[in-house]
Each structure stands twice: as structure tokens, then as C-alpha cells.
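Here is the structure we will look at, set down as C-alpha cells.
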Amino acid sequence: MKSGLCIYILVILTLAVADHRFLKLVVEGLPEEYNSLTQPPAVYIFGDSTVDVGTNNHLKDCGTKADSPYYGIDFDFSKPTGRFSNGHNIADLIVRHLGYKRSPPPFLSLISRESSFKSAILRGANFASGGSGIFDQTGNKTYKEVVPLRKQIQQFATVCGNITEVLGKAKADELISKSMYIISVGSNDIFEYSANATVLPDIFMANLIEAYTIQLEELFNLGARKFGVLSVGAIGCVPIMRALDHNGNCVDKVNQLAQAFYAVVSSLLQQFSSQFQGFTYSLGNLYDVTMSTILNSVVEGLTDVRTPCCGDANTTCKIGVKLCANRNDYLFWDMYHPTQVASDRAARVLLFSEAAEFVKPINISRLAVMP
């Protein structure tokens, strides 16, 4: 109990300066200056279930899918789409606030559309796969078949080749360099390590960031320049983790790994910006965004920041389990993932906040309009 209390006091002290800006943005909405955003030509999305919009639906042997109710209950026509949410996820909402009508579809759905594939990829694609991670092995034992980040980038390399076929090299290079690249990954690597640690945390983190470095550099070499990187949230506070503590507190060791991941990714991106000409980025600190939401839940209108709306801390969301009456009251939709309303709060902060505690060196909306 004392450990959990100490972490909360530390977070309160750390975020005190930025909290008023966070709450003002959430309660009052977007600043006037952002009413008219210039869209990047395309958006390409990579990562795990936080941004998966249906990739896993196309994986025959995948053991983690969100393709049945109650997933999607607040989506158009209450349709489950493969998003691990009651509605839209953070990738959808970032793209929507950038001015797009809808976020890019899964790459694996596009390759089955021979007649429209080459025109569709010019507007973007989503490669994210629920359960996957930075390490190739992450998720594949638990869920049998997922698409790791390395393979997602290989799929994007195929897309780059097709864009060049359609536009020619010069115009293709221009489109690829001016597009946005949203990446949200790392949670599953940390979850799996925490459950079965075989090396010291420092060694695990060094190996993780080494693999991530190679993958981000590969994206850069393919022509990507605008990186919207979302760090790992306060995953020690998700319902399935809280259930491990007899008092229902956040699991400190998991949160510490999430914070360590943010620190090493921050250093890596700073290094890239000085090393690679044209590299620009926006790094979202989802850990502090999540903790600020938990600490200020009353102001934000959330009545439950501990338990899932659908199911419980140990039960998958599906027909027949407990379903809360008002999804907008909850931070968590299922045992791992946020509700649509929580994702929208986070998306707006990462897009429009000027608080470096939440997003740096610039927010995602400023990154989007950079030449």
C-alpha cells in the first residue's frame, strides 16, 4: 500500500505544472488556431492493439481478435471491426482530428482489393497487429499468429514499391516523405517480460531499444520523415494488472518499465533528429497522459478508472459478460484497452497540447503541417 501511495504522490508532484493545461484542453476543446489543419498526403500506422483497426481479422490462426460483440458497440451500426475498443481507437481519432473522414484501413484488407489497391495505398494504410511487439517473438506464443513490427515495416516496403509504380520515383519519394507515420508499440514486449523475466531489466530494455532502433531506422531508409511516436501508457494500471495486487493498486514494476521505455525512446529520437537529415518527430508520453487522467478523473467526468466496462479484470469482453451502462464513465473498455472517450482525450492532448510533459518537442498537429 505504501509503495502505491508513494508512486501517486510522485506523479502528482511531477505533473502538477502541466495538469491545468491538460484539463483545459480536455474540458474546453481545441484551440481556435487548430480549426483549419493542413492534411499530410497520407498516414501510415504501425504497432499493436492500441492502433489495430482489423489486421488480426485477416490472420487465420490469430488467437486475439476484436471481431465480435461487444467490441464496436459504439462504432457505426454497432459493428465490431477488429478495433480493441467500444468504438474508435487512438489512431482513428488522431487521424480524424487531422481532418480525415476515416483512418486508413488494414493493409491486409487492401491487398485483397486488386482494382483499388494502388489508389488506396496513396492515402495510407494500417499495418498494426494486436498482440504484437518490437521483438519478433512477442505475441506469437500467446496468440499463435500476429504481425511483429519488423514484418509490418516489410509490408510497408512493398507499399513503397507500389507507390513508385503508380507515381514514378520523384513523386513517390515526395509523397512518402511528406506523409505521417504513427507508431504505437512496446506494451506487449513489457507485459511478456514482466510475466517471465529471464534477464535483468536493464538488459531487457537495452535489447528492446536496440531492436526498435533498427526498425525505426529502416522506416527512415524507406523514406519516412514525420514520425508520430506514442510511448507505452501506464500499463501497470490496466485492470488485469491491478487484479494482481490484493489492494487493486497499479503494479509498480510494470509502470517503471513503461517509464524507462519512454526515457530510452526519447533519447533515441533526439539522436535520430541530429543524425538523420530531415528526420522530424513528435513523441507522446502516454504514461503521463494516463496518470493525469487517473488523478483528475472527477474533473474529466470519469467515475471508474480501475475496472473495465466490458467483462472484468480476468474475463475477455464478449457477449454475455458484464457491460456497463455508460461507456463514457469508464477509462477502460476491457482488461487492457481504453474506451473510445478515453482514447479521444489522449488523442487531443497529443495533437494539440503545448505541454512538454505530454508531447515533445512539438505536438502531432504541428508535425503534420511541417513541409
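Residues of the range 250-262 being outside any loop (DSSP other than H, G, I, E, B) and touching a residue at least 60 places away in the same chain (Cβ under 8 Å), which ones?
As a first pass, look at the range 250-262 and keep what is outside any loop (DSSP other than H, G, I, E, B): 252-262.
Across the range 250-262, the qualifying residues are 252, 254, 255, 257, 258, 261.
I want to confirm something. Restricting to the range 268-309 and keeping residues that are free of Cβ contacts under 8 Å to residues at least 60 places away in the same chain and aromatic (Phe, Trp, Tyr), which single residue is most open to solvent (accessible area, probe 1.4 Å)? Only one residue tops the list, namely 276. For residue 233, the requirement of being over 30 Å from residue 306 (Cβ atoms), small (Gly, Ala, Ser) and either out of contact with any strand residue (DSSP E or B) (no Cβ under 9 Å at 6 or more places or on another chain) or crowded, with 21+ Cβ neighbours inside 10 Å (or both) is not met.
Report, by residue number, each residue of the range 168-190 that is surrounded by fewer than 24 Cβ atoms within 10 Å (Cβ to Cβ) and under 19 Å from residue 46 (Cα atoms). Talk me through it step by step, then tell me what you get.
Taking the range 168-190 first, the residues surrounded by fewer than 24 Cβ atoms within 10 Å (Cβ to Cβ) are 168-179.
Within the range 168-190, 175, 176, 177, 178, 179 qualify.
Of all the residues in the range 72-102, those that are of a type in the set (Ser, Thr, Tyr), open to solvent by 10 Å² or more (accessible area, probe 1.4 Å) and in contact (Cβ under 8 Å) with a residue 40 or more places away in the chain number 1. The one condition from (1) open to solvent by 50 Å² or more (accessible area, probe 1.4 Å); (2) in contact with a Ser or Thr (Cβ under 9 Å, 6 or more places away or on another chain) that residue 371 does not meet is (2).
Taking the condition open to solvent by less than 10 Å² (accessible area, probe 1.4 Å), touching a strand residue (DSSP E or B) at 6+ places or on another chain (Cβ under 8 Å) and not in a loop (DSSP other than H, G, I, E, B), does residue 265 pass? Step through it out loud before you land on a result.
Numbers: open to solvent by less than 10 Å² (accessible area, probe 1.4 Å): yes; touching a strand residue (DSSP E or B) at 6+ places or on another chain (Cβ under 8 Å): yes; not in a loop (DSSP other than H, G, I, E, B): yes.
Here the answer is yes, as residue 265 does meet what is asked.
Note on the range 112-152: among residues that are assigned to a loop (DSSP other than H, G, I, E, B) and aliphatic (A, V, I, L, M), the one that is surrounded by the fewest Cβ atoms within 10 Å (Cβ to Cβ) is 122. Counting only strands (runs of 3 or more DSSP E) that sit completely within the range 273-333, those holding 2 or more residues that are in contact with an Asp or Glu (Cβ under 8 Å, 6 or more places away or on another chain) correspond to 304-308, 330-332.
The values are calculated or read from the model by the stated rules, or taken from the named source; none is laboratory data. Remember, predicted model here, so these are calculated numbers, not experimental data. A quick note on method: Cβ atoms are made from the backbone with ideal geometry, for glycine too, and the neighbour counts reach across all protein chains shown. The accessibility values were calculated without ligands, DNA or RNA, using every heavy atom of the protein model including side chains. Shrake-Rupley method; radii C 1.70, N 1.55, O 1.52, S 1.80 Å.
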